[in-house]
1. Test Ile116 against the criterion of being within 23 Å of Gly57 (Cα to Cα) and either aliphatic (A, V, I, L, M) or open to solvent by less than 30 Å² (accessible area, probe 1.4 Å) (or both), and give yes or no.
2. For segment 96-208, list the strands (runs of 3 or more DSSP E) that sit wholly inside it and hold at least 3 residues that are at pLDDT 95 or above; which are they?
3. Could you tell me which residue of segment 28-59 is farthest from the ligand (Cβ to nearest atom), considering only residues that are in a helix (DSSP H, G or I), of a type in the set (Gly, Ala, Ser) and in contact with a Gly (Cβ under 6 Å, 6 or more places away or on another chain)?
4. Given the conditions (1) small (Gly, Ala, Ser); (2) surrounded by 15 or more Cβ atoms within 10 Å (Cβ to Cβ); (3) within 13 Å of the ligand (Cβ to nearest atom), which single one is not true for Ala108?
5. Of everything in segment 121-137, what is polar (S, T, N, Q) and open to solvent by 70 Å² or more (accessible area, probe 1.4 Å)? Give them in sequence order.
6. Given Gly43, Gly47, which one is over 25 Å from Met164 (Cα atoms), surrounded by fewer than 19 Cβ atoms within 10 Å (Cβ to Cβ) and more than 10 Å from the chain's Cα centre (by Cα)?
7. From (1) without any contact (Cβ under 8 Å) to a residue 40 or more places away in the chain; (2) touching a strand residue (DSSP E or B) at 6+ places or on another chain (Cβ under 9 Å), pick out the condition that doesn't hold for Asn193.
8. Quick check on segment 76-105: of everything there that is open to solvent by 70 Å² or more (accessible area, probe 1.4 Å) and touching a residue at least 40 places away in the same chain (Cβ under 8 Å), which residue is farthest from the ligand (Cβ to nearest atom)?
Amino acid sequence: MSSIVLFGPPGAGKGTQAERITETTGLPQISTGDMLRAAVKAGTETGVLAKSYMESGQLVPDEVIIDLIKERITHPDAAHGVMFDGFPRTVPQAEALASITSVSHVIAIEVPDDRIVERICGRYSCGGCGSVYHDTFNPVPENGCDCGSWIEKRRADDNEDTVMSRLSAYHAQTSPLANWYQAKGIFHQIDGNRGIDDITQDILRALE
Ligand code: AMP
């Protein structure tokens with residue numbers, strides 16, 4: 001089994017691209033951010049622990065994340081590899097991942113910090129189908145989302161204060177992973193400051 005890692009700062013478009021690549025590769029998307037938000041909503045022990053870290057834009061402790069992944073990877077849909085979105089985010093997480101599955105490609109979606117702030121602060125999604133919109137770049141149609149069950153959803157951590165902490169956590173704790181993966185020869189850099197389709201095309205090319 002061989003897996004793919006989507007790597008990049010918050011708001012780089014990892015989730016959007018993961019959904020598209022899942023359609024092409026058939027690999028299930030595993031987003032630690034989504035798993036943690038579900039845990040917070042369900043009020044589980046993990047959710048209670050993670051909530052304050054997430055609200056302040058800090059990384060949730062490695063051992064919590066590694067336990068989540070170790071459990072998730074045992075599900076039958078993960079048997080032939082998965083696509084990680086937002087994991088690993090630290091070198092210890094990457095080391096733990098290396099001990100449980102092999103990674104064939106790390107796709108780094110690169111977007112400058114000033115673009116990240118404007119992207120994150122205006123984004124929202126459809127509570128019905130999960131489609132992502134943006135106040136300026138991609139507003140929802142006047143009559144609501146095409147899925148027919150429009151409920152506007154904004155993430156609690158998508159605000160200007162938290163985004164700065166999320167970015168500093170990315171630069172301090174996550175970006176050192178780039179060297180770690182570069183040394184393994186599986187690191188592919190993609191310019192994420194372009195249209196969604198162009199980025200998907202480049203990712204699919206890197207995966208060929
Ligand atoms: P995301 O949806 O990937 O932007 O993640 C939202 C928040 O969840 C992050 O700001 C962190 O607080 C937490 N989180 C998600 N994935 C991880 C991870 N791999 N390691 C540590 N914290 C994480």
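1. Yes; evaluated as a whole, the condition is true for this residue.
2. Answer list for segment 96-208: 102-110, 187-191.
3. In this case the residue turns out to be Ala39.
4. Answer for Ala108: the failing condition is (3).
5. Hit for segment 121-137 is Thr136, nothing else.
6. Answer to the check: Gly43.
7. (1)
8. His80
The values are calculated or read from the model by the stated rules, or taken from the named source; none is laboratory data. Remember, predicted model here, so these are calculated numbers, not experimental data. Neighbour counts are summed over all protein chains in view; Cβ atoms, including those assigned to glycine, are modelled from backbone coordinates with ideal geometry. Note: accessible area is taken over every heavy atom of the protein model, side chains too, but ligands, DNA and RNA are not part of it. Shrake-Rupley method; radii C 1.70, N 1.55, O 1.52, S 1.80 Å.
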